[in-house]
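Here is the structure we will look at.
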Amino acid sequence: MRILTTVLLLAAALVGVFFLLPTPGSEGSGETAAEPARPDRIIAIRDVRLFDGESVIDSATLVLADGRVESAGVGVEIPDGAEIVDGAGRTVLPGLVDAHVHAFGRARRDAVRFGVTTMLDMFRPPDDLATIRAERDSTATIDRADLYSAGFLATAEGGHGTQYGIEVPTISTPAEADHWVAARVEEGSDWIKIVIENGEGWGGDLPSLDDATIRALVDAAHARNLLAVAHASTRAEALRAIAAGVDGLVHAFADAPADEAFLAAARDSGIFVVPTATVMAGAFGASGEGWLAGRERIAGRLSPEQRRSLAQAFPGAEGRTDRMPRLLDNIAAMHGAGVPLLAGSDAPNPGTAHGASLHHEMRLMADAGMAPVEVLRAATSTPARIFALDGRGCLQPGCRADVVLVDGNPLDDIAATADIVSVFRNGRRVELDPDVETPASGEVPAAPPRDLLAEADRWMAASDRYQGGRSTAVLEVHDDAIAVSGSLAEGFAYPYGGGMWSPTGVPMVPADLRGHDALVLRVTGSIDRVRLMLFSGEDAASQPFWIDLETGMQHRLEFARLAGVEAARIGAVGVFASDAPGDYDFRIERMDLE
């Protein structure tokens with residue numbers, strides 16, 4: 001499906017910290033080996049219901065030491081000096097695995113607070129994969145989830161994946177496949193992702209790979225003992241992927257029923273499917289923001305970036321509500337046919353948030369008829385087995401000490417997975433409150449009103465051409481308005497064109513605007529509405545806040561009421577045409593900070 005993070009700038013490469021592998025201690029000399037030293041930190045969770053990745057043990061004890069599970073089960077002896085955690089009335093789970101994400105910015109830190117200790121990334125630049133591999137091989141203290149990644153995806157020139165401001169190495173013929181896959185292996189990709197997407201399922205038209213090239217990519221991946229997974233939006237595209245020999249589909253489809261012909265092909269091929277029901281719910285008018293209502297324990301742990309992505313909506317979602325029941329029916333049919341299903345959120349797309357949305361995904365899988373224990377396996381042991389995630393998705397001796405302790409019993413009600421009491425990464429407790437740096441505290445004096453139209457040198461034209469689209473924008477500064485005209489063209493997921501104001505004069509370099517309470521805007525023109533986008537936060541690659549506003553009216557938007565917008569860090573404000581393809585023109589006649 002044509003669903004991926006919608007950002008207007010290049011995603012900055014993440015810079016991580018290498019964690020050294022633990023070194024073995026010296027052996028004792030003489031006839032008798034020295035007594036092994038006990039680790040400084042041992043944690044024992046006792047009298048707890050334990051889901052070990054496959055089955056459930058009641059009244060169990062779990063002991064964590066040296067970043068691993070030391071022992072687990074009934075009658076386990078608690079070592080002297082262990083920190084004891086009371087598990088009465090609670091359930092302990094392996095760290096959760098989100099089997100479909102796009103991890104930029106704060107993603108890994110945000111996810112771990114919600115019990116997601118391993119993330120499977122389906123498209124990101126590979127610049128820092130060596131650092132990421134070193135981190136996930138270590139058992140040192142770390143405050144973020146481990147990451148495995150496909151790196152760059154395989155797509156046609158101008159195809160899905162080329163429209164997000166990231167330079168992607170495309171492929172056009174079967175002869176290029178072996179070299180293309182070899183380059184991904186050199187960069188550190190853990191598997192190969194292939195895009196089979198012509199845009200038809202979403203009302204568009206995109207270049208896509210032909211069957212011979214898809215097959216050549218699969219063969220090249222398999223020759224290197226790598227999995228090959230496919231992005232496919234429709235039943236027809238899913239069948240093409242299966243015929244080419246892919247190992248799994250990383251979206252379910254909802255354009256048609258999963259009929260017996262598809263189910264037979266899926267069974268016979270042995271593929272797995274990551275349904276990504278959460279992101280599809282957002283595309284079908286059932287966003288994850290609504291699911292969060294009343295879940296204060298989750299809501300209080302959301303970072304501004306998470307709140308912002310949850311508050312977004314896919315254009316046209318209200319016209320696709322009929323697909324949601326079919327999606328759940330298709331998930332039920334695949335599960336009934338024995339197709340392995342993996343839980344994945346596709347965060348941070350509109351209506352999703354890293355970490356939090358995996359719990360929504362599990363709820364939707366249960367709504368489709370999967371038993372709670374099957375859903376838990378889909379978020380732990382099943383992805384660990386299929387993607388060969390050593391020591392993850394399990395709580396048996398030798399498994400990694402990635403642990404989630406929740407109130408209640410998710411084996412009775414899967415919603416209990418979200419009632420997180422503690423998360424342990426490599427055997428160390430994770431801080432569950434957002435670790436968001438805030439500007440200096442204290443009262444911020446009110447700032448005088450600011451006429452943004454008067455700051456001509458801080459305006460620029462902006463369109464989806466920056467990200468490979470074909471829309472245009474021309475901006476003219478007049479004494480009484482900012483005039484913008486251009487044309488919206490198909491070829492980008494969400495065509496846009498308009499004008500953008502930067503508070504510091506440098507795009508995406510943020511300014512502290514807390515001295516202002518609101519943005520006042522009036523736009524007139526040939527279109528019925530414009531899309532206002534506010535970019536804020538510590539990371540320029542974060543999801544923008546957006547809202548559609550009617551033209552010909554004056555609007556006053558109070559910062560305090562805009563979900564996830566940080567007035568302390570405003571990087572840019574954009575006003576865009578974003579509806580149907582065609583010519584547009586509008587005038588920004590007022591844009592003030594009050």
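The values are calculated or read from the model by the stated rules, or taken from the named source; none is laboratory data. Everything numeric in this text was worked out from a predicted model, so none of it was measured. Here the Cβ positions follow ideal geometry from the backbone for every residue, glycine too, while neighbour counts run over all protein chains shown. Note: accessible area is taken over every heavy atom of the protein model, side chains too, but ligands, DNA and RNA are not part of it. Shrake-Rupley method; radii C 1.70, N 1.55, O 1.52, S 1.80 Å.
What to note about this one:
- For the chain, the extents of the C-alpha atoms along the principal axes are 90, 62, 46 Å, listed from largest to smallest.
- Percent of Cα pairs exceeding the 15 Å cut-off, where the set is the range 298-383: 63 percent
- Pairwise inverse Cα distances across the range 243-374, averaged and inverted, put the Kirkwood hydrodynamic radius at 15.2 Å.
- Translational diffusion of the range 60-167 was estimated from the Stokes-Einstein equation, with Rh taken as the Kirkwood radius over Cα pairs; at 37 °C and 0.692 mPa s the coefficient is 198 µm²/s.
- Compactness check for the range 171-329: Cα Rg over 2.2 N^0.38 Å is 1.19.
- Accessible area, probe 1.4 Å, largest first, for residues 227, 521: 227, 521
- Derived scalar couplings between HN and Hα for the range 370-379 equal 6, 5, x, 5, 5, 5, 4, 5, 4, 9 Hz in order, rounded to whole Hz, by the Karplus curve 6.51 cos²θ - 1.76 cosθ + 1.60 (θ = phi - 60°), x for Gly and Pro.
- Residue 264/residue 455 FRET efficiency (R0 51 Å; Cβ-Cβ; nearest 0.05): 0.20
- Loop-located GluC sites (Glu not before Pro) in the range 41-81 (DSSP state not H, G, I, E or B) with no more than 13 neighbouring Cβ atoms inside 10 Å: 77.
- Label reach from residue 517 (point 7 Å along Cα→C-beta): in the range 551-594, amide nitrogens under 17 Å belong to 555-562, 567-568, 592-594.
- Across the accessible surface of the range 385-425, with the other protein chains kept in place and a 1.4 Å probe, carbon and sulfur atoms take up 45 percent.
- Backbone N within the range 353-382 under 20 Å of label point (7 Å from residue 56 Cα along the Cβ vector): 359-382
- The residues of the chain present an accessible area of 38 Å² per residue when probed at 1.4 Å with all protein chains retained.
- Rounded to the nearest 10 degrees, the angle from helix 260-269 to the longest Cα principal axis of the chain is 50 degrees.
- A straight chain from residue 429 to residue 211 at 0.36 nm per residue would run longer than the Cα-Cα distance by 73.7 nm.
- Ranked by solvent-accessible area (1.4 Å probe, protein heavy atoms only, all chains present), the residues 117, 472 order from largest to smallest as 472, 117.
- Relative contact order (%) - criterion: Cα under 8 Å, at least six apart; region: the chain: 15 percent
- Taking a point 7 Å out from the Cα of residue 175 in the direction of its Cβ, the residues of the range 198-240 whose backbone N falls within less than 14 Å of it are 213.
- Between residue 141 and residue 490, the FRET efficiency estimated from the beta carbon spacing at R0 = 35 angstrom works out to 0.10.
- Hull-based mean projected area of the range 327-456, where the convex hull spans the alpha carbons, in square nanometres: 14.1 nm²
- Loop-resident sites, the range 153-201, for GluC sites (Glu not before Pro), counting at most 15 other Cβ within 10 Å (DSSP): 157, 167
- FRET efficiency for residue 88 and residue 373, using Cβ-Cβ distance with R0 set to 25 Å, rounded to 0.05: 0.75
- Cα centroid separation - the range 398-419 against the range 134-156, whole Å: 23 Å
- Net length gained if the chain between residue 225 and residue 332 were fully extended (0.36 nm per residue, minus Cα distance): 35.4 nm
- Whole-percent carbon and sulfur share, accessible surface of the range 94-156, 1.4 Å: 46 percent
- Gain upon complete extension [residue 412, residue 590; 0.36 nm per residue less C-alpha separation]: 58.5 nm
- Whole-angstrom Cα spans of the range 233-320 along principal axes, big to small: 45, 27, 19
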